[in-house]
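The values are calculated or read from the model by the stated rules, or taken from the named source; none is laboratory data. Note that the coordinates shown come from a computational prediction; the quantities given were computed from them, not determined experimentally. Here the Cβ positions follow ideal geometry from the backbone for every residue, glycine too, while neighbour counts run over all protein chains shown. Keep in mind that these areas ignore ligands, DNA and RNA; they rest on the heavy atoms of the full protein, side chains included. Shrake-Rupley method; radii C 1.70, N 1.55, O 1.52, S 1.80 Å.
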Amino acid sequence: MIEITAVSKTYSGKVKAVNNLTLTIQPGEIIGFIGPNGAGKTTTIKMMTGILKPDTGVIKLNGIDIQAQPLEAKRQFGYVSDNPDLFLRLKGIEYLNFMADIYEVPVSERRERIDRYAAMFEMTTALSDKILSYSHGMRQKIILMGVLIHDPSIWILDEPLTGLDPQSAYSLKETMKLQADLGKTVFFSTHVLEVAEKLCTKVAIINKGQILYYGTLEELKKNHAGKSLEDIFLEVTSHA
Amino acid sequence: MRSFWALFVVTLKNTLSLVDSGKKKSIWTRLLPAFLVVAFIPTLFSFYMMAQEALKLLIPLQQSGVILGLMLTAMSLMIFFLAIFLIPAVFYFSKDVEVLLALPLKAHTIVAAKLAVSMIYEYVSVLLIGLPILAAYVVNVQPEPLFYVITLVVLIFAPLIPLILAGLIVMVVMALFPKARNRDLFNYLSGFVALAFAIGINLSVNSIVQIDAQSMITMLIQGNDSLTGIFGYMIPSIPFAINAMVHLKVLDLVISLAIALGFIVIFLVVSDVVYFMTAVGVNETGASRKKLKAKAYTKMTLRSNPMLTYTFKELKLMIRTPIYLLNNISTVVLMPVILLGSIMTGVGSDDEAITAIKSIPWNDPNVLAYVLAAGAAIGLFMSSLNLITVTAISREGTNVYFMKFIPMSYFKQIQAKVFSGLIISFLGIVFMLIPFGIILGIPPLSLFLSFIAALLSGVLINYIGIIVDMIHPKLVWEQEAAAVKQNLNAAFTMLPAMGLGVALFFTIGLFPQPMWFAFTLYLILFVLDVGAIYLAKKTCKKAFDQI
């Protein structure tokens with residue numbers, strides 16, 4: 001469960017990136033976080049993960065305040081950043097084992113998960129190579145595997161589908177659905193409306209740091225009858 | 001010309017924006033330039049004094065131009081040495097290369113713009129060597145106003161030929177050896193070539209001094225700055241530049257500029273033939289894409305303590321990144337070799353020195369105090385020289401966010417970084433103390449006690465290093481080299497470490513009994529270590545909130 005209450009963030013005392021944002025995401029939900037460039041998506045995600053400190057407000061992950069109990073809160077989620085260029089001189093297998101050690105995953109479980117996800121993302125033969133030799137999509141996959149290896153109850157993903165080939169994108173979406181069915185919370189940002197439409201139980205539309213809509217896509221469509229999803233999105237964000 | 005200018009301005013702006021990120025400047029950032037100026041004053045002053053002493057001898061012999069020749073040669077060598085690292089980084093491995101290759105630009109336009117930007121990097125060397133020596137020259141020779149104009153022109157063009165020579169070597173190597181077009185391999189190669197070059201220069205300077213002494217005396221007797229002719233062997237424009245500066249001959253200045261122009265033309269012509277051929281695909285990295293064998297897989301998926309795994313991650317990344325290996329780790333092996341080499345050659349041929357060393361009463365408490373001070377100084381020296389902890393956060397670059405979302409406390413993470421630095425410091429101390437101990441015949445107990453002092457001072461420097469880098473990390477960089485080599489944080493540990501190391505020897509005399517010195521040394525180092533660890537713990541939360 002993710003609870004974001006009255007969170008604001010201003011950069012350099014001038015630019016209000018997030019403005020009094022409140023969201024509650026229940027277990028078992030897949031939430032698509034949608035908004036134009038510079039809307040405040042990444043800033044919100046960075047505050048949820050402890051990378052940035054909010055100026056005001058509280059963020060709780062499974063009931064644990066990320067500012068008050070950072071280590072306990074950080075154990076609750078797995079995070080995939082929008083930049084997969086991480087530890088490029090480690091081999092894929094070294095990165096996964098490093099993540100497993102940091103999250104203290106038992107040996108038998110880490111091996112079972114490495115095998116499963118390497119097969120799912122077609123990375124089995126790449127694990128012995130340095131991440132430096134990977135394509136953008138492969139780097140994205142190894143970072144995803146680094147999250148899956150510790151089996152978090154909350155997934156926070158920033159543009160996770162960018163750069164993935166169709167097969168891997170499909171596998172990731174199926175895994176997200178499976179995790180939600182198991183009662184886990186999935187929160188991801190995206191620009192692709194079709195993905196949100198097919199995958200999400202709810203969407204949160206953000207622009208200029210404020211939530212403009214939070215609910216199911218069906219309700220949104222009902223309120224804007226006869227319009228395409230793209231038109232609805234443009235109309236909602238233009239009223240910010 | 002228009003596209004050259006546009007490219008030069010954009011590249012320069014990008015370079016400068018990496019230095020000034022536009023963020024609000026902290027008090028540390030504001031104090032840094034002042035600190036650096038103060039830090040460099042002793043170096044600049046020592047250059048000034050050397051030039052002053054040399055000029056006192058050279059002016060009566062009408063050889064004052066020699067000092068200008070030495071200045072230009074030293075500048076050229078330093079620039080060439082730095083260019084061996086700089087040229088591959090700027091011309092081939094910088095992030096903009098792939099973008100530039102796709103633009104409708106000629107090779108010579110890209111190369112000329114990158115050459116111009118590289119020149120700006122090198123003016124730091126020009127100023128560092130040029131300012132004190134020219135100051136001494138002006139004070140002693142009192143030249144006419146035209147000297148200043150000519151000197152300004154000479155200094156503006158000083159980095160050009162050494163840069164072009166390095167550029168030509170790099171391009172030819174890239175063209176002839178396609179395997180060198182791998183960034184890591186090239187960085188390893190260029191690093192070791194540069195180190196070999198530095199050692200070679202050391203040896204050749206010694207041999208020149210010995211072999212050509214007779215011809216130097218002849219030239220000195222001739223007077224009228226005839227010695228300046230010897231500098232032409234290295235950079236052909238230097239003798240003309242010296243003549244122009246000493247005798248205020250504008251024609252010589254024009255000739256030196258014409259030579260520089262000739263080098264530019266040759267460089268651009270070569271670049272039109274070679275650059276595209278060598279730059280295309282330069283950032284590709286090889287991979288085997290083989291499934292891990294069962295035995296290797298089992299070994300690589302064993303569970304380990306998070307602190308241990310983090311420390312090893314730090315060491316792996318350092319060893320596998322050529323720039324870090326050369327800058328952070330190679331010193332551990334290199335410094336003992338250089339120092340021991342110079343002692344062996346110096347002492348080896350001198351019977352008196354060997355007898356003097358053998359007669360040192362190592363068990364005398366006074367001598368032991370000096371051995372302990374030497375141990376502490378070696379600890380300070382070797383720990384500050386490897387730059388590991390003082391750049392540990394900076395090396396993370398834009399990936400520093402990783403430290404902020406994993407469930408491991410900041411203090412544990414920085415401790416793991418300090419441990420990686422301590423391991424390398426420890427190796428450096430061992431490589432330094434044991435050979436010295438054996439050569440000088442120091443008793444094992446004295447050596448052990450000095451080793452403890454070295455470790456205590458190593459802990460101090462490593463924690464000071466991480467505190468400095470937490471407060472003021474250099475996170476915005478395009479090339480790994482910038483995180484280490486263009487990181488001014490290093491000055492905050494290196495200079496105090498050197499100063500403290502020297503000061504230790506002077507404090508021995510202040511104690512009535514040498515044992516008091518030993519006890520005080522251990523106690524102060526221990527208290528400082530505890531203080532530094534406490535400060536690191538106190539600083540980390542606040543520092544990471546700011547990052």
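I'd like the carbon and sulfur percentage of the solvent accessible area for the range B:306-546, probe radius 1.4 Å, heavy atoms only, ligands and nucleic acids excluded. Show your work: numbers first, answer last.
Working: 7690 of 10120 Å².
Heavy-atom surface of the range B:306-546 belonging to carbon and sulfur, 1.4 Å probe: 76 percent.
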Restricting attention to the alpha-carbon atoms of the protein assembly as shown, what are Rg (one decimal) and Dmax (integer), both in Å? 30.8, 102
Give the long-range amide H neighbours of A:Gln210: residues separated by 5 or more places, or on another chain, with amide H under 5 Å away, using H modelled in the peptide plane at 1.01 Å from N. A:Asn19
Among the aspartates and glutamates, which fall within straight-line cross-link reach of B:Lys249, defined as a Cα-Cα distance under 18 Å, with same-chain neighbours fewer than 8 residues apart omitted? B:Glu144, B:Asp225
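Which value, in square angstrom to the nearest 100, describes the accessible area buried between chains A and B on both sides, using a 1.4 angstrom probe?
The contact between B and A buries close to 4100 Å².
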Cα-based equivalent ellipsoid of the range B:306-546: semi-axis lengths in Å, sorted from largest, via gyration tensor: 35, 20, 14
Scaled radius of gyration (Cα, divided by 2.2 N^0.38 Å) that the range B:439-547 gives: 1.33
Working note, the range A:122-240: Cα radius of gyration (Å, one decimal) and Dmax (Å, whole number) are 16.6, 53
Along the range B:254-259, what does the Karplus equation 6.51 cos²θ - 1.76 cosθ + 1.60 (θ = phi - 60°) give for ³J(HN,Hα), rounded to whole Hz, x for Gly and Pro? 4, 4, 5, 5, 5, 4
Those residues in the range A:30-57 that give up at least 30 Å² of accessible surface, probe 1.4 Å, once the partner protein chains are present instead of the chain by itself are A:Ile51, A:Lys53
Average partner chain C-beta neighbours within 10 Å, per residue of B:307-317? 3
So the compactness index of the range A:84-151, its C-alpha Rg divided by 2.2 N^0.38 Å, takes the value 0.97
About the Cα centre, charge dipole magnitude for the range B:306-546 (Lys/Arg +1, Asp/Glu -1 at Cβ), debye: 980
Roll a 1.4 angstrom probe over the protein heavy atoms and tell me the percent of accessible area of chain A that is carbon or sulfur. 50
5 angstrom amide H check on A:Thr10, placed H, neighbours 5+ away: A:Ala17, A:Asp55
Candidate aspartates and glutamates - alpha carbon under 12 Å from A:Lys202, same-chain residues fewer than 8 apart omitted: A:Glu29, A:Glu218, A:Glu219
Where a Cα-Cα gap under 16 Å defines reach, which aspartates and glutamates qualify for B:Lys537, not counting those fewer than 8 residues away within the same chain? B:Asp469, B:Asp529, B:Asp545
Rule-of-thumb check for chain A: C-alpha Rg over 2.2 N^0.38 Å? 1.02
Give the span of the range A:188-240's Cα atoms along each principal axis, as three whole-Å numbers ordered largest to smallest. 25, 25, 17
Among B:Leu189, B:Ala454, A:Ala225, whose Cα lies farthest out toward the positive end of the dipole of the protein assembly as shown, if unit charges sit on the beta carbon of Lys, Arg (+1) and Asp, Glu (-1)? A:Ala225
Once the dipole of the range A:84-151 is set up with Lys and Arg at +1 and Asp and Glu at -1 on Cβ about the Cα centre, which of A:Phe98, A:Leu88, A:Ile114 lies farthest towards its positive end? A:Leu88
Which listed pairs, of A:Lys184/B:Lys313; A:Lys9/B:Lys404; A:Lys46/A:Lys184, have C-alpha distances above 26 Å, in listed order: A:Lys184/B:Lys313
Student exercise, the protein assembly as shown dipole from Lys, Arg, Asp, Glu Cβ charges, in Debye to nearest 20: 1540
At 1.4 Å probe size, with every protein chain present, just tell me what the per residue accessible area of the range B:306-546 comes to in Å². 42
Residues other than A:Ala225 with Cβ under 13 Å of its Cβ, Lys/Arg counted +1 and Asp/Glu -1, net out at -1
Cβ under 10 Å from A:Asp82's Cβ, A:Asp82 left aside: what net charge do those residues give with Lys, Arg +1 and Asp, Glu -1? -1
What is the dipole size for the range A:84-151, taken about its Cα centre, with +1 at each Lys and Arg Cβ and -1 at each Asp and Glu Cβ, in debye to the nearest 20? 200
